[in-house]
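Structure first, then comments.
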Amino acid sequence: MEKLIIISSISFFVEAIIIAILLLHIRRIQKNNAANEKKNTTGPIFYCNVQSEEEKKAIENILSGIENNEFKMYLQFIVDNSTKKIMSAEALSRWDNPQKGVVGPGHYIGIMEESGLISKHDYYMFELACRQLQGWRGTQYQDISISCNFTRITLSEEDCIEKLKSICERYTFDRSKLAIEITEDAIEKDTDIAQKNVKLCKNLGFKIYLDDLGSGYTSLSNLCDYPIDVVKIDRDILLKANTKRGKDLFSGIIALAHSLNMSVICEGVETEEQNTLLSESSCDFIQGWYYAKALPLEECEIFMESYNTNNYKKED
């Protein structure tokens, strides 16, 4: 029986390694194809991928929104899996469009990436996070961390670090409370520069998060390429954990991260069943609608006060 268990375990990890290698190979092909497409493109970057007047109009609206500070920072809180206390939050972008109301990032981030506006957006959101951390300094919320999403397009820019330093030097806060969250972009302008810049971010005192581990374009090799502090397991992996094989994969990813001295956040927790699964696992932190939806800044402190009151009455 023990031999069978050992053989089964070896088989599982061999399959996992093969799948990881195949995914990495596919990702490289996709990146090479995308790079070749960019090389064959002529004219200004701004409209290089635009196919219609409608898309041009969308870009003009986004530019107007940036100039008029219509893009807002919302926060989705993250709780400790053991204590269920709020420990941190992810900064999420929302567009407060005068005509359409609040617009989700799925409607504009892709356009920003294609038109070359995404870096301007990334730095803007970073500044909002710095400003909020300074605002919480010396208050009951000063221990809350904020993670800020950065595309690898932005992290591949030569002057990325200088821009980040220039922004954060305007504010006074504990830099260890701010995390750079690397998103799962399909295209990197320059992988070597991105890796160098992420390491420099780490040297500046920021934490480094890796988003969507186990899905999309995020590769296991990123765990070696970047100085990661925290990995985030994508909701797709959580949804597959309702089977034994899926649960083994979920547990295996957590074990792998822990073996590399990385903490783990599981995203997309929405149901009691999912929360129970997480509570019984060795996952470190939980993020999802089950605990908190993304909230505008003006509602965040009210929410935290209410959450703490309702969950920790017995401690008072």
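Picking from G246, G252, G288, G268, which residue would you name as being buried (at least 16 other Cβ atoms within 10 Å of the Cβ), out of contact with any strand residue (DSSP E or B) (no Cβ under 7 Å at 6 or more places or on another chain) and farther than 26 Å from L155 by Cα?
Answer to the check: G288.
Could you grab me the full set of residues in region 64-84 that are in contact (Cβ under 8 Å) with a residue 12 or more places away in the chain and over 19 Å from E299 (Cβ atoms)?
Matches in region 64-84: G65, I66, D80, N81, K84.
Residues are listed down the side, and each one gets a yes or a no for (1) under 15 Å from V79 (Cβ atoms); (2) in the same structural domain as Q76 (by TED's automatic domain parsing); (3) hydrophobic (A, V, I, L, M, F, W, C); (4) not in a helix (DSSP H, G or I):
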position: A194; (1), (2), (3), (4): no, yes, yes, no
position: L200; (1), (2), (3), (4): no, yes, yes, no
position: L220; (1), (2), (3), (4): no, yes, yes, yes
position: R245; (1), (2), (3), (4): no, yes, no, no
position: S251; (1), (2), (3), (4): no, yes, no, no
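Within the bounds of region 146-160, is there any residue that is farther than 16 Å from V231 by Cα and either touching a Leu at 6+ places or on another chain (Cβ under 6 Å) or not assigned by TED's automatic domain parsing to the domain that holds I78 (or both)?
no
Can you go through Y217, Y171, Y209 and tell me which one is modelled with pLDDT of 90 or more and closer than 23 Å to D236 by Cα?
After applying the criteria, what remains is Y209.
Just to be sure I understand, how many residues within region 273-288 are in a helix (DSSP H, G or I) and of a type in the set (A, V, I, L, M)?
The number of residues fulfilling the criteria is 2.
Whether any residue in region 295-309 is assigned to a loop (DSSP other than H, G, I, E, B), hydrophobic (A, V, I, L, M, F, W, C) and at pLDDT 95 or above is what I want to check.
First, the residues of region 295-309 that are assigned to a loop (DSSP other than H, G, I, E, B): none.
The answer is no, given that none of the residues of region 295-309 is assigned to a loop (DSSP other than H, G, I, E, B), hydrophobic (A, V, I, L, M, F, W, C) and at pLDDT 95 or above.
Keeping to region 161-185, report how many residues are within 16 Å of E127 (Cβ to Cβ) and either hydrophobic (A, V, I, L, M, F, W, C) or more than 19 Å from the chain's Cα centre (by Cα) (or both).
Of the residues in region 161-185, 16 are within 16 Å of E127 (Cβ to Cβ) and either hydrophobic (A, V, I, L, M, F, W, C) or more than 19 Å from the chain's Cα centre (by Cα) (or both).
Failed condition for E270, given (1) touching a Phe, Trp or Tyr at 6+ places or on another chain (Cβ under 8 Å); (2) over 19 Å from A89 (Cα atoms); (3) outside any helix (DSSP H, G or I); (4) without any contact (Cβ under 8 Å) to a residue 24 or more places away in the chain, with all others met?
(2)
Among the residues of region 129-160, count how many are within 16 Å of the chain's Cα centre (by Cα) and not hydroxyl-bearing (S, T, Y).
Qualifying residue count for the region: 8.
Can you find, within region 117-152, the residue that is farthest from I78 (Cα to Cα) among those that are out of contact with any Lys or Arg (no Cβ under 6 Å at 6 or more places or on another chain) and of a type in the set (A, V, I, L, M)?
Checking each candidate, the answer is L117.
What number of residues within region 233-243 are surrounded by fewer than 18 Cβ atoms within 10 Å (Cβ to Cβ) and either under 22 Å from I78 (Cβ atoms) or charged (D, E, K, R) (or both)?
Number of matching residues: 3.
The values are calculated or read from the model by the stated rules, or taken from the named source; none is laboratory data. Note that the structure is a prediction, hence the values are computed from the model and not measured. Cβ atoms come from the backbone with ideal geometry, glycine included; neighbour counts cover every protein chain shown.
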